[in-house]
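Take a look at the structure below.
The values are calculated or read from the model by the stated rules, or taken from the named source; none is laboratory data. These numbers come from a predicted model, not from an experiment. Counting neighbours? That spans all protein chains shown, and the Cβs are built from the backbone with ideal geometry, glycine included.
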Amino acid sequence: MNTPLKRSNAPIFWALFGAGGMLSALFGAALVFITGIGAPLGLGISPTALSYANVHALATNFIGKGFLLAVVVLFLWHAGHRIFHSLHDIGIHAGTGAKLVCYGLPLLGTVVASYSLLRIGF
């Protein structure tokens with residue numbers, strides 16, 4: 001007798017985890033250097049590069065807005081999924097409450113980041 005396959009939402013979370021991991025590997029260290037070391041200390045980057053006017057121009061540009069949204073959202077989903085699966089490694093067998101927290105916070109962050117970037121305008 002054939003049993004029907006059970007539908008799962010796991011591929012969605014694994015895709016967000018993988019995309020966030022790839023993005024953080026490609027851009028994470030560079031973003032930390034630029035925003036935390038390079039621009040504040042003037043190491044190869046002008047201190048005015050992160051001025052309000054420049055960052056606002058980035059956030060109002062369509063491509064810049066998409067990049068900012070992708071970085072924030074995918075980093076959040078990557079972290080939430082990693083934390084959820086790390087709970088098992090430390091002996092906490094995650095149930096519904098852990099899923100709600102680990103995936104609810106990135107969802108909330110996605111909504112807040114999207115709303116905030118839309119409020120800035122184009």
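Yes or no: GLY36 part of a helix (DSSP H, G or I) and in contact with a His (Cβ under 9 Å, 6 or more places away or on another chain)? Judged against the criteria, GLY36 is not a match.
Filtered by the rule that a residue be surrounded by 14 or more Cβ atoms within 10 Å (Cβ to Cβ) and among the aromatic types (Phe, Trp, Tyr), region 89-116 gives a lone residue, TYR103. Inclusion of LEU74 among residues that are over 20 Å from ILE12 (Cβ atoms) and surrounded by 13 or more Cβ atoms within 10 Å (Cβ to Cβ) is not warranted. When region 1-34 is limited to residues that are surrounded by fewer than 14 Cβ atoms within 10 Å (Cβ to Cβ) and of a type in the set (S, T, N, Q), the one that is modelled with the highest pLDDT turns out to be SER8.
Of all the listed residues (THR35, THR60), the sole one being under 24 Å from GLY121 (Cβ atoms), under 18 Å from the mean Cα position of the chain (by Cα) and among the β-branched types (Val, Ile, Thr) is THR35.
From the list ALA94, ALA19, ALA49, ALA39, the one residue that fits, being among the aliphatic types (A, V, I, L, M) and in contact with a Gly (Cβ under 9 Å, 6 or more places away or on another chain), is ALA49. Go through (1) loosely packed, with under 12 Cβ neighbours inside 10 Å; (2) in contact (Cβ under 8 Å) with a residue 12 or more places away in the chain and name the single condition ILE63 misses. Unmet for ILE63, out of (1) loosely packed, with under 12 Cβ neighbours inside 10 Å; (2) in contact (Cβ under 8 Å) with a residue 12 or more places away in the chain: (2).
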